[in-house]
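Below is one structure, written out as structure tokens, with a few remarks after it.
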Amino acid sequence: MAADRAGWRIHGMSVEGYRHRRDGLPCQDACAHTDAGPVAVLAVADGAGSRPRSDEGSRLAVELAAEHFVRRAAAQAPSPPGEAVHALLVDAYREVTKVFLETTGASAADFATTLTVVVLAPDWLGHLSVGDGFVVLRAGSEDGERQFHLLPQPVAAGEYSNETVFLTSPDAARWVHTDCVADPGIDGVLLSTDGLAQAALSRSGGGATTPNASFVDAVFRSLDTPGPVSEAAHDNLAALLRSDRLTALNADDKTLLRAVRRTRR
């Protein structure tokens, strides 16, 4: 899944984890992206492993997010950004949730999934998350080294770190997290589900979580070359996500959706 539009080169995929490959089960992650004029939307979702139709739920969630967030943002992209961006994100989320629940009906809980969305507008970046997905930005440099920034994640919904919230959770709206970033130096965006957390993120001695610079730098650099994403590059990303090295860190499904800004001429 690749695109070279709206000022950004975008590429990503979801692959089944070791446990699902071993048991012949479908990938329960999904990702999607779209654009309208100068606005692009990226979305990733992680279906609940314990729910029988969560693979369908994650696909439905990212498709609806791409549709509703890009329509909202293209029609009324706030400038300058601020609280209006947060309101736009929440309104689009409500539309997604409404259609998701109407589509899945009485069996909605069987389709449980997280959702993480990024809206790339000319003057700002908007981020909305339900559940445990994460977003890393590439922006600026220090002493010649590119800098990477982890956007704030939603607070834990329960006492235990492995508890998360889904679109279908009764109180999901309470746990929705939004951000608005206005930084013209942002030239890379990475979205992922928690299957890549151990590889893409690091925890310091003080407990703070930060991007794993070597991993995210390599992932971004592989997309920096101008032009369409080659079949070889696509295959290389799939091989990385299915590699023994990453499987040893986490056997869950893995999703990586990244965007790099096209060089301005």
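The values are calculated or read from the model by the stated rules, or taken from the named source; none is laboratory data. Remember, it's a predicted structure, so these values are computed and weren't measured experimentally. Neighbour counts are summed over all protein chains in view; Cβ atoms, including those assigned to glycine, are modelled from backbone coordinates with ideal geometry. Protein only, heavy atoms only, side chains kept; ligands, DNA and RNA dropped before computing areas. Shrake-Rupley method; radii C 1.70, N 1.55, O 1.52, S 1.80 Å.
Put a plus charge on the Cβ of each Lys and Arg, a minus charge on the Cβ of each Asp and Glu, and nothing anywhere else: the dipole of the chain about its Cα centre is then about 460 debye. Accessible surface area normalised per residue over the chain is 46 Å², counting heavy atoms of protein chains with a 1.4 Å rolling probe. Along the range 124-130 the Karplus relation, 6.51 cos²θ - 1.76 cosθ + 1.60 evaluated at θ = phi - 60°, assigns HN-Hα couplings of 7, 10, x, 9, 10, 9, 10 Hz to successive residues, with x for each Gly and Pro. Peptides 16-26, 40-50, 184-194 ranked from most to least packed by the mean count of surrounding Cβ atoms within 10 Å: 40-50, 184-194, 16-26. Among N250, N212, N236, which one shows the highest mean-square fluctuation when the chain is modelled as a Gaussian network with alpha-carbon springs under 10 Å? Per the Cα network of the chain with a 10 Å cutoff, N236 tops the list. Near G12, the amide H atoms lying under 5 Å from its own belong to R258; only residues 5 or more places off or on other chains count, and H is placed 1.01 Å from N.
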